[in-house]
Amino acid sequence: MAKKRTIRTIPQERTPMREQDPQARAKNFEEVACGYSIEDALRESERCMLCPDEPCIAGCPVGIDIPGFIQKLGEKDFRGAYDILTDTNLLPSICGRVCPQENQCEGVCTVRESLEPVATRSSSAATLRSRSRVGSSWSSWSTSSPASPASLSLLNPAASRAS
Ligand code: SF4
């Protein structure tokens, strides 16, 4: 049985978002934020305490089972994570871009009482990108697989053009 996570045992630092180098971004109109890699998302998933009262679900306007998807993500069950993300939301890629998560799920995240909240939006975006990496063959995907330009362009056009 997995050990219960507490505020003391989870990674204390939120996984940083990679950004374009300032020298590079001064000369282009691409997005500054590069998004989480799946490895980043896996690390960030370790910060979720899987709270029994699930305040983040109540904070999500479409009621996504956030701890459920994060748990599947942490288990590298990307298909399972994707299925949970799309259970109550037909347009998760759009929400991954436009949701003001700091006032919604992340705004009520229990971790926020002591540390920076779990980066739920960035983690879901990485999961959605992983879906297009593998097409219909989820089992063939691994964290070391290079992302295809098409997959990265789903949520991060800048990254796909750079690859
Ligand atoms: S409130 Fe935060 S720590 Fe608790 S289950 Fe939701 S995302 Fe995880």
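The values are calculated or read from the model by the stated rules, or taken from the named source; none is laboratory data. Computed from a predicted model, the values in this text were never measured in an experiment. Backbone-built Cβ (ideal geometry, glycine too); neighbour counts: all protein chains shown.
Of all residues in segment 34-50, exactly one satisfies the criterion of being buried (at least 22 other Cβ atoms within 10 Å of the Cβ) and polar (S, T, N, Q), namely S45.
Taking segment 37-92 as the range and being among the basic types (K, R) and under 12 Å from T127 (Cβ atoms) as the test, the residues that pass are K72, K76, R79.
Please verify whether segment 92-108 includes one or more residues that are assigned to a loop (DSSP other than H, G, I, E, B) and either more than 16 Å from the chain's Cα centre (by Cα) or basic (K, R) (or both). No: segment 92-108 contains no residue that is assigned to a loop (DSSP other than H, G, I, E, B) and either more than 16 Å from the chain's Cα centre (by Cα) or basic (K, R) (or both). Of the residues in segment 40-55, how many are within 11 Å of the ligand (Cβ to nearest atom) and either under 15 Å from E106 (Cα atoms) or among the hydrophobic types (A, V, I, L, M, F, W, C) (or both)? Residues in segment 40-55 being within 11 Å of the ligand (Cβ to nearest atom) and either under 15 Å from E106 (Cα atoms) or among the hydrophobic types (A, V, I, L, M, F, W, C) (or both): 10 in total.
Selection of segment 60-84 for residues being more than 10 Å from the ligand (Cβ to nearest atom) and in a loop (DSSP other than H, G, I, E, B) yields P61, V62, G63, I64, E75, K76, D77. Restricting the search to segment 17-59, which residues are under 22 Å from P100 (Cβ atoms), of a type in the set (D, E) and assigned to a helix (DSSP H, G or I)? D40, E44, listed by residue number. For segment 51-81, filtered to residues that are surrounded by 15 or more Cβ atoms within 10 Å (Cβ to Cβ) and on the phi > 0 side of the Ramachandran plot, the residue that is modelled with the highest pLDDT is E54.
For segment 1-39, which residues satisfy the criterion of being among the basic types (K, R) and within 16 Å of the ligand (Cβ to nearest atom)?
Restricting attention to segment 1-39, the residues satisfying the condition of being among the basic types (K, R) are 3-5, 8, 14, 18, 25, 27.
Hits for segment 1-39 are K3, K4, R5, R8, R14.
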